[in-house]
Amino acid sequence: RLAARNVTHDASTAAWLGGVDVLLLPLRLGAAPPIVVEAMAAGVPVMALRGGAVEGLLAPENRALLSAHAAEVSLRDALQPLASDATLRAATGAANRAQALATHDAAAMVARSAAVYAAAIGRPALPG
């Protein structure tokens with residue numbers, strides 16, 4: 001299945017991601033777009049390029065599958081295992097979901113930010 005969409009981040013994004021087998025981002029971006037974490041949280045594998053900001057967000061299982069080059073043949077070859085193996089897609093998606101919940105959950109991000117500020121001012125972080 002191949003679908004193209006100019007993604008806007010609204011309530012329909014999660015529903016749309018539920019019908020996606022793999023999120024394909026064939027660009028090396030300076031910052032990772034929010035759709036990457038949304039796809040991860042939805043349990044969707046991400047095909048992107050090695051060395052970009054997206055790579056650092058993904059679960060190790062997904063990072064191992066990334067394409068080294070943006071050329072069509074390189075992307076096709078890197079995408080082939082995910083496209084042809086539903087078990088690999090499910091396992092990679094599950095690893096991404098676990099990674100998203102562990103590192104991009106709002107409470108976890110607030111706790112990490114509080115710890116950084118507490119360390120900067122030399123005081124313990126407030127509980128909660």
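Close Cβ contacts (under 6 Å, 6 or more residues apart or on different chains) running from residues in the stretch 19-48 that are of a type in the set (Lys, Arg) to residues that are part of a loop (DSSP other than H, G, I, E, B) comprise Arg28/Gly52. Of all the criteria given as (1) under 14 Å from the mean Cα position of the chain (by Cα); (2) open to solvent by less than 40 Å² (accessible area, probe 1.4 Å); (3) not charged (D, E, K, R), the one not satisfied by Leu82 is (1). Checked against the criterion of being open to solvent by 50 Å² or more (accessible area, probe 1.4 Å) and touching an Asp or Glu at 6+ places or on another chain (Cβ under 7 Å), the candidates Arg50, Arg63 yield just one match: Arg63.
Can you tell me how many residues within the stretch 99-110 are open to solvent by less than 60 Å² (accessible area, probe 1.4 Å) and in a helix (DSSP H, G or I)?
4
Can you list the helices (runs of 4 or more DSSP H) lying wholly within the stretch 25-78 that have 1 or more residues being under 15 Å from Gly93 (Cβ atoms) and modelled with pLDDT under 90? Of the helices (runs of 4 or more DSSP H) lying wholly inside the stretch 25-78, those with at least 1 residues that are under 15 Å from Gly93 (Cβ atoms) and modelled with pLDDT under 90 span 34-41.
The values are calculated or read from the model by the stated rules, or taken from the named source; none is laboratory data. The model shown is predicted, which means the values in this text are computed figures rather than measured ones. Because the Cβ atoms are built from the backbone with ideal geometry, glycine has one as well, and the counts that use them run over all protein chains shown. Please note that ligands, DNA and RNA were not included when accessible areas were found on the heavy atoms of the full protein model with its side chains. Shrake-Rupley method; radii C 1.70, N 1.55, O 1.52, S 1.80 Å.
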